[in-house]
Amino acid sequence: MAENIETASDNHQIEPKQSRKRKGRKRPKKRVGERPVTRGGRVAFPKDAVSKCFRIPQGILDQNAGNECTDREAAGYAKIAWTGPVGVEISSAIKYGLLERPSPGKLKPTELARKILRPQQPKDRLDGLRDAVLQAPVIGDFYKRYRGENLPDREFLVNAAVDSFKVPTERLPTNASTCVPPSVITFLFPLKS
């Protein structure tokens, strides 16, 4: 009689679990020749004026003694919230040579930033500003091209910016009043005799 008794565990066979397919959003296929849509984009020249790029280097120098820190910490030292425009400001400061990246994800003020923000000589600030403007990629190249010459009319200046320096037309000032006044140019870059 014991031979006829089967336990429930003998009849029950364990079947392997069937894998479930994840239901997610399907990505549309890329079409041949179609360019991806991006917001903004990288440009070779700084988007901010040099005068607006001192907040973060100043904050790092004051609050962190000029030591390296992350981007978010740098924004905190400058007492500003971490947002997209702060990232653009950091990028502009790097292009002007005010900040450097000693390692990926870290920021540190450069000697040029120290020269401008904590001058030791009467001319240090002005010399540092000149060096920062000349160090900016497109701006410095543009200045070097017309150095010692009179600037051409606005139409020709715009054409040179678009054709020679690949500046997008939507980034150009819309009217002449937003261009740099000649008095500022002569102040930063006086003619050498």
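The values are calculated or read from the model by the stated rules, or taken from the named source; none is laboratory data. The model shown is predicted, which means the values in this text are computed figures rather than measured ones. Every residue, glycine among them, receives a Cβ derived from its backbone with ideal geometry; neighbour counts consider all protein chains shown.
Summary table below
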item	result
Residue that is charged (D, E, K, R), modelled with pLDDT of 95 or more and within 19 Å of A44 (Cβ to Cβ), where the choices are E89, E100	E100
Pair list, Cβ under 6 Å, 6 or more apart: segment 152-168 residue at pLDDT 80 or above, other residue among the acidic types (D, E)	none
Single condition P46 does not satisfy, out of (1) at pLDDT 85 or above; (2) touching a Cys at 6+ places or on another chain (Cβ under 8 Å)	(1)
So A113, is it surrounded by 17 or more Cβ atoms within 10 Å (Cβ to Cβ), out of contact with any Ser or Thr (no Cβ under 7 Å at 6 or more places or on another chain) and small (G, A, S)	yes
Check on D62, more than 29 Å from R147 (Cα to Cα), acidic (D, E) and touching a residue at least 12 places away in the same chain (Cβ under 8 Å)	yes
Criterion violated by K144 - all others in (1) at pLDDT 90 or above; (2) farther than 21 Å from R42 by Cβ satisfied	(1)
Criterion (under 19 Å from N67 (Cα atoms) and surrounded by 11 or more Cβ atoms within 10 Å (Cβ to Cβ)) met by exactly one of L126, L151, L99	L99
Residue in segment 169-179 that is modelled with the lowest pLDDT, counting only those that are part of a loop (DSSP other than H, G, I, E, B) and under 23 Å from the mean Cα position of the chain (by Cα)	C179
Members of segment 115-140 found to be part of a loop (DSSP other than H, G, I, E, B) and charged (D, E, K, R), listed by number	R118, K123
Candidate set: segment 92-114, residues that are farther than 12 Å from F54 by Cα and outside any loop (DSSP other than H, G, I, E, B); chosen: the one farthest from the chain's Cα centre (by Cα)	E111
Where Y143 falls short, out of the listed (1) surrounded by 16 or more Cβ atoms within 10 Å (Cβ to Cβ); (2) over 16 Å from D48 (Cα atoms); (3) under 20 Å from the mean Cα position of the chain (by Cα)	(3)
Pair list, Cβ under 6 Å, 6 or more apart: segment 132-146 residue in contact (Cβ under 8 Å) with a residue 12 or more places away in the chain, other residue surrounded by fewer than 17 Cβ atoms within 10 Å (Cβ to Cβ) and not in a helix (DSSP H, G or I)	P137/A44; V138/A44; V138/F165
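For (1) closer than 25 Å to R171 by Cβ; (2) of a type in the set (K, R), each residue gets a yes or a no:
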residue: Q58; (1), (2): no, no
residue: G87; (1), (2): yes, no
residue: S92; (1), (2): yes, no
residue: Q121; (1), (2): no, no
residue: L134; (1), (2): yes, no
residue: R145; (1), (2): yes, yes
